[in-house]
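Scroll down for the structure; my scribbles are underneath it.
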């Protein structure tokens with residue numbers, strides 16, 4: 001009698017991983033948009049990329065459309081004009097959340113945020129240790145190898161100022177290399193995010209902290225852009241200074257109103 005071969009045990013399908021969307025805002029980044037997209041997808045194989053183009057006159061948006069036609073994990077969001085980095089990210093957040101994102105990463109298009117750090121940025125979220133991860137130039141292991149002393153003082157000073165005024169214990173509050181869990185982004189009132197420039201980075205971290213997010217920093221190396229021109233200006237630094245003070249005053253007012261309401265409640269009951 002031939003041996004009886006037991007039926008094979010069905011193998012359970014592996015549970016799907018988190019839906020990772022990486023937002024790349026662009027304005028006149030034609031030379032960078034293709035290489036940065038390919039580098040991201042080669043580094044995080046399961047990622048999707050959303051390119052948010054602010055009506056670049058150099059044809060960045062058209063090139064992004066070509067990438068999206070070639071790859072199913074690339075999408076493009078076109079905006080009519082340049083309205084600031086913050087508004088581009090808010091539009092991107094709304095778009096990827098509507099697509100069912102579980103994790104949302106933001107990264108500059110110019111390679112100043114090296115894509116090799118994406119796995120370490122995503123790891124605390126995957127391990128359940130954080131809700132927001134900041135790629136930090138100022139924690140142990142973080143580096144800015146090519147900045148002059150003037151840029152270092154302005155950047156580090158801005159982070160220290162924001163941390164002291166807003167009572168946030170993080171060392172790099174002005175960096176833009178960040179990863180959010182989707183629930184944190186949904187907990188933030190995106191309509192209340194008003195900063196247009198790099199002050200947006202301070203604002204989102206502050207609002208995430210108010211929403212109860214667990215925030216950690218991981219070290220990164222910040223590089224110079226590979227091509228194109230920097231969007232940094234003195235107006236951006238001025239906006240950040242004003243925003244930090246405004247956030248502090250708004251928080252104090254909300255606390256005073258809350259305390260007043262709490263103290264009035266016992267009198268009303270009596």
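Computed from the coordinates by the stated procedures, all read-outs in this text should not be read as laboratory data. The structure presented is a predicted model; accordingly, all values stated were derived computationally and were not measured. Neighbour counts are summed over all protein chains in view; Cβ atoms, including those assigned to glycine, are modelled from backbone coordinates with ideal geometry.
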Compute the Cα gyration tensor for segment 121-178, then decide on rounded, prolate or oblate, letting a ≥ b ≥ c be the square roots of its eigenvalues: rounded whenever a/c is under 1.5, prolate when a/b is larger than b/c in the other cases, and oblate in all that remain. oblate
Proxy exposure order for 82, 178, 140, 250 (fewest C-beta within 10 Å first) is 140, 250, 82, 178
Alpha-carbon spread of segment 45-91, three principal axes, descending order, Å: 30, 22, 11
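Tell me, what are the semi-axes, in whole angstrom and largest first, of the equivalent ellipsoid of segment 20-255 as set by the roots of 5 times the Cα gyration tensor eigenvalues?
They are 26, 20, 18 Å, listed largest first.
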Neighbour counts of other C-beta atoms within 10 Å: give me 104, 218 arranged from fewest to most. 218, 104
Could you work out the relative contact order of segment 20-255? I mean the mean sequence separation of Cα pairs under 8 Å and 6+ apart, divided by the number of residues, in percent. 24 percent
Between residue 249 and residue 45, what is the label-point separation in nm under the 7 Å Cα-to-beta-carbon projection? 5.3 nm
Packing-based exposure ordering (other Cβ within 10 Å, fewest first) of 217, 29, 66, 223: 66, 223, 217, 29
Okay, which of segment 104-121 sit inside 17 Å, backbone N to the point 7 Å along the Cα-Cβ direction of residue 143? 112-118, 120
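Using 0.36 nm times the number of residues separating residue 127 and residue 58, minus their current alpha carbon distance, what extension gain do you get?
On the way: separation 69, 0.36 × 69 = 24.84 nm, distance 4.08 nm.
Full-extension gain reported as 20.8 nm.
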Can you tell me the length gained on complete extension of the stretch residue 167 to residue 223, counting 0.36 nm per residue apart and subtracting the Cα distance? 17.3 nm
